[in-house]
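The values are calculated or read from the model by the stated rules, or taken from the named source; none is laboratory data. Remember, it's a predicted structure, so these values are computed and weren't measured experimentally. No Cβ is skipped: glycine too gets one built from the backbone with ideal geometry, and neighbour counts run over all protein chains shown. Ligands, DNA and RNA are stripped out before the accessible areas are found, and what is left, the full protein with its side chains, is counted by its heavy atoms. Shrake-Rupley method; radii C 1.70, N 1.55, O 1.52, S 1.80 Å.
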Number of protein chains: 2
Amino acid sequence: MVKNRADVEQGLPRSARGRARRAAILDAAGLLVGRRGYDGVTLRDIATAAGTTHPLLLHYFRTKDELLLAVVDTWRERAEDLGFGRDDDLDTVPERVVRLAEQNAATPGYIALFTTLSSAASAPEHPLHDHFTERYRTVLEGLRRYFRHAEATGGLVPGVDPDAAAQSIVALQDGAQVQWLYAPDEVDVPGLLRGAFGRLLVDQPG
Amino acid sequence: MVKNRADVEQGLPRSARGRARRAAILDAAGLLVGRRGYDGVTLRDIATAAGTTHPLLLHYFRTKDELLLAVVDTWRERAEDLGFGRDDDLDTVPERVVRLAEQNAATPGYIALFTTLSSAASAPEHPLHDHFTERYRTVLEGLRRYFRHAEATGGLVPGVDPDAAAQSIVALQDGAQVQWLYAPDEVDVPGLLRGAFGRLLVDQPG
DNA sequence: GTCTATACACAGATAGAC
DNA sequence: GTCTATCTGTGTATAGAC
């Protein structure tokens with residue numbers, strides 16, 4: 001079961017030093033996990049890099065998964081995700097998806113961590129399962145809404161199912177990022193996304 | 001470093017009982033890893049499920065990674081992959097890709113294991129890194145050859161890059177399988193692949 | 001070759017003193 | 001809030017009986 005924001009913030013440090021230490025741990029975790037992968041990093045490594053000990057680290061983050069989840073959340077906030085949820089500016093969704101892919105490419109650690117966690121968390125017993133289930137649900141619903149809108153305004157290629165289109169875009173992004181981890185120079189994730197959108201949508205004038 | 005076939009088979013059991021035990025371990029490993037994920041399963045769990053002890057398991061498979069790699073290889077042989085590598089019958093590649101996706105859907109454990117390992121092994125230090133690098137290289141090259149062939153015979157939609165098309169198909173398959181793990185009833189992997197092929201290839205008569 | 005028993009180093013996690 | 005000491009479980013290794 002994944003804690004919600006209120007639960008997690010209940011344990012936030014009160015003092016300035018505590019807050020600084022928490023931030024240092026978060027930083028070190030992001031750096032190391034990005035470099036060596038989820039399982040390649042130990043809590044002792046992270047604690048040492050942050051200038052502490054691992055029991056103290058566990059005082060701020062009750063479990064390793066909770067720490068990694070906090071790292072993901074930090075990055076997610078920075079990227080501000082896609083701004084799905086709002087119905088205004090629906091037409092700019094493709095641009096925003098591509099831009100997010102470009103931002104991701106600038107932070108390889110994020111991609112490595114996210115792809116690893118998202119497949120590991122597919123097991124129902126995984127501590128992050130609910131978090132990722134919800135995440136997929138939200139993103140897919142946002143894209144679905146966009147493609148339905150496109151269909152209604154004649155922007156969708158005839159015969160394409162909006163649900164399938166949404167799933168395909170997410171799948172392409174996730175799968176392409178894995179390939180990118182293996183061969184960063186040969187895979188252009190934003191370009192592949194642009195191509196897929198181009199084949200799903202009818203050409204617009206201008 | 002991943003062992004090649006000759007190295008691995010050097011340690012194969014000679015007796016009938018040994019062979020049966022090895023097979024039982026392989027079976028149990030496939031089942032449990034498929035259910036609980038790579039890290040969610042211990043060697044002692046697998047050994048118990050196979051009716052043995054973990055030191056004996058390590059007599060047949062020197063390391064946990066070697067065991068999991070053997071599981072992957074077993075399933076790969078059963079599916080016979082795509083038969084890429086041969087240049088005959090190039091036109092049936094799309095059908096074979098879709099058929100493989102259908103076979104995969106029948107063995108959920110394989111998908112769970114493969115998606116988990118393929119992202120975990122993207123870290124260069126991972127014991128299975130070379131194996132998966134080679135695997136991606138082979139599959140991508142086969143698909144690239146197909147799309148080049150399609151381009152030469154006028155079967156490829158104008159403006160589509162054969163390399164990008166190959167990467168997109170693999171990305172779609174991998175990404176869709178992850179979504180399928182989260183929501184098996186809502187994601188139709190073979191259907192998504194059929195759709196993607198349809199948008200990349202010009203309609204054929206008949 | 002097959003199998004049991006045991007030991008080790010390291011991981012994540014806890015208890016409790018200050 | 002912080003730190004020391006400690007626990008349990010994991011992958012791995014080895015010694016030696018049959």
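Could you grab me the full set of residues in segment A:120-137 that are touching a Phe, Trp or Tyr at 6+ places or on another chain (Cβ under 8 Å) and part of a helix (DSSP H, G or I)?
A:ALA120, A:PHE132, A:THR133, A:TYR136
Being surrounded by fewer than 22 Cβ atoms within 10 Å (Cβ to Cβ) and modelled with pLDDT under 85 is the filter here, so list the residues in segment B:114-136 that pass it.
If the condition is that a residue be surrounded by fewer than 22 Cβ atoms within 10 Å (Cβ to Cβ) and modelled with pLDDT under 85, then B:ALA123, B:PRO124, B:GLU125, B:HIS126, B:PRO127, B:LEU128 are the ones that fit.
Could you give me the residue pairs with C-beta distances under 6 Å whose first residue belongs to segment B:137-165 and is touching a residue at least 24 places away in the same chain (Cβ under 8 Å), whose second residue is part of a loop (DSSP other than H, G, I, E, B) and surrounded by 15 or more Cβ atoms within 10 Å (Cβ to Cβ) wherever it lies, and which are 6+ apart or on separate chains?
Within 6 Å, the pairs are B:GLY142/B:PHE84.
Just to verify a result, which residue in segment B:173-190, among those that are over 16 Å from the mean Cα position of the chain (by Cα) and among the aliphatic types (A, V, I, L, M), is nearest to the other protein chains (Cβ to nearest Cβ)?
Going through the qualifying residues, I end up with B:VAL187.
Residues B:LEU69, B:LEU113: which one is within 14 Å of chain A (Cβ to nearest Cβ), within 16 Å of DNA strand D (Cβ to nearest atom) and within 27 Å of A:TYR38 (Cβ to Cβ)?
Within the list B:LEU69, B:LEU113, the selection yields B:LEU113.
Evaluate segment B:101-119: report whether one residue or more is outside any helix (DSSP H, G or I) and in contact with a helix residue (DSSP H, G or I) (Cβ under 8 Å, 6 or more places away or on another chain).
yes
When you check B:ARG96 against the structure, is it within 12 Å of another protein chain (Cβ to nearest Cβ) and open to solvent by less than 70 Å² (accessible area, probe 1.4 Å), yes or no?
no
For residues that are open to solvent by 60 Å² or more (accessible area, probe 1.4 Å) and more than 10 Å from chain B (Cβ to nearest Cβ), tally how many sit in segment A:150-172.
4
Would you confirm whether or not segment A:20-29 contains a residue that is within 25 Å of A:TYR182 (Cβ to Cβ), modelled with pLDDT of 90 or more, crowded, with 19+ Cβ neighbours inside 10 Å and among the small types (Gly, Ala, Ser)?
Yes: one or more hits.
Quick one: which of B:LEU193, B:LEU140 is within 9 Å of another protein chain (Cβ to nearest Cβ) and either in a helix (DSSP H, G or I) or buried (at least 16 other Cβ atoms within 10 Å of the Cβ) (or both)?
So the residue among B:LEU193, B:LEU140 that is within 9 Å of another protein chain (Cβ to nearest Cβ) and either in a helix (DSSP H, G or I) or buried (at least 16 other Cβ atoms within 10 Å of the Cβ) (or both) is B:LEU140.
Scan segment B:23-74 for residues that are under 29 Å from A:SER118 (Cβ atoms), assigned to a helix (DSSP H, G or I) and without any contact (Cβ under 8 Å) to a residue 24 or more places away in the chain and jot them down.
Within segment B:23-74, B:ASP27, B:ALA28, B:LEU32, B:ARG36, B:ARG44, B:ASP45, B:ILE46, B:ALA49, B:LYS64, B:ASP73 qualify.
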